[in-house]
Amino acid sequence: MYRNPAPTVDIIIELLDYPQRPILLIERRYPPLGWAIPGGFVDYGESVEVAAQREAREEVSLEITLQELLYVYSNPARDPRQHTLSTVFIATAHGTPVAADDAKAVHIVPLDQLPSSLCFDHAQILKDYLHWRQTGQRPRPHQL
């Protein structure tokens, strides 16, 4: 039996109908509890792009347009439940988000008011995202 990391996606969703393009964070319904970027596991037979669009529909009730691939995060400690690797997309959306599925609540958050306490490695992901927004530079491979 092979033990492989589970593929996941995370989506930084910029809301186009609001000034200064805030992003969405969810409050997780299930452990680990706390704030997180919307996302989830990739289903068998599904591409990461399709998984990202499906997770956005399921968690925040929005149709998204994928804009950029930010990075792939694979630190074995990034998820306390199991070893995962996450393909992180930057996407845009119109409309009003509504919490559903794994999301207990949806929060529209200005980029200058991001919470310091986030689940998983999402604080690092958002730090990398802010750096990309300011400089256009994607993260470089991290040395563990």
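The values are calculated or read from the model by the stated rules, or taken from the named source; none is laboratory data. As the structure is a prediction and not an experimental result, all values here were calculated from the model. Every residue, glycine as well, gets a Cβ built from its backbone with ideal geometry; the counts of neighbours run over all protein chains shown.
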Any hit, the stretch 73-89, residues being among the aromatic types (Phe, Trp, Tyr), under 18 Å from PRO141 (Cα atoms) and either touching a Phe, Trp or Tyr at 6+ places or on another chain (Cβ under 9 Å) or in a helix (DSSP H, G or I) (or both):
yes
Only residues that are at pLDDT below 95 and either in contact with a strand residue (DSSP E or B) (Cβ under 7 Å, 6 or more places away or on another chain) or surrounded by 18 or more Cβ atoms within 10 Å (Cβ to Cβ) (or both): list them for the stretch 1-27, please.
TYR18, ARG21
Give the residues of the stretch 7-49 that are among the aromatic types (Phe, Trp, Tyr), assigned to a loop (DSSP other than H, G, I, E, B) and either within 13 Å of PHE89 (Cβ to Cβ) or in contact with an Asp or Glu (Cβ under 8 Å, 6 or more places away or on another chain) (or both), sorted by residue number.
TYR30
May I ask you to list the residues in the stretch 29-70 that are touching a strand residue (DSSP E or B) at 6+ places or on another chain (Cβ under 9 Å), on the phi < 0 side of the Ramachandran plot, surrounded by fewer than 19 Cβ atoms within 10 Å (Cβ to Cβ) and not acidic (Asp, Glu)?
ARG29, TYR30, LEU33, PHE41, VAL48, ARG54, ARG57, THR65, LEU66, GLN67, LEU69
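With the requirement that a residue be part of a loop (DSSP other than H, G, I, E, B) and within 12 Å of ILE26 (Cα to Cα), what does the stretch 90-113 give you? If you could, list the steps in order and put the result at the bottom.
Initially, the stretch 90-113 is screened for residues part of a loop (DSSP other than H, G, I, E, B), giving 94-102, 110.
Passing the criteria: PRO97, VAL98, ALA99, ALA100, ASP101, ASP102.
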Residue in the stretch 90-116 that is surrounded by the fewest Cβ atoms within 10 Å (Cβ to Cβ), counting only those that are closer than 16 Å to GLU55 by Cα and of a type in the set (D, E, K, R):
LYS104
So the check is Cβ under 9 Å with 6+ separation or different chains; which pairs have a first residue in the stretch 73-100 that's at positive phi and a second one that's in a loop (DSSP other than H, G, I, E, B) and acidic (Asp, Glu)?
GLY95/ASP17; GLY95/GLU63
(1) in contact with a Leu (Cβ under 8 Å, 6 or more places away or on another chain); (2) of a type in the set (A, V, I, L, M, F, W, C); (3) part of a strand (DSSP E or B) all hold for ALA52 apart from (3)
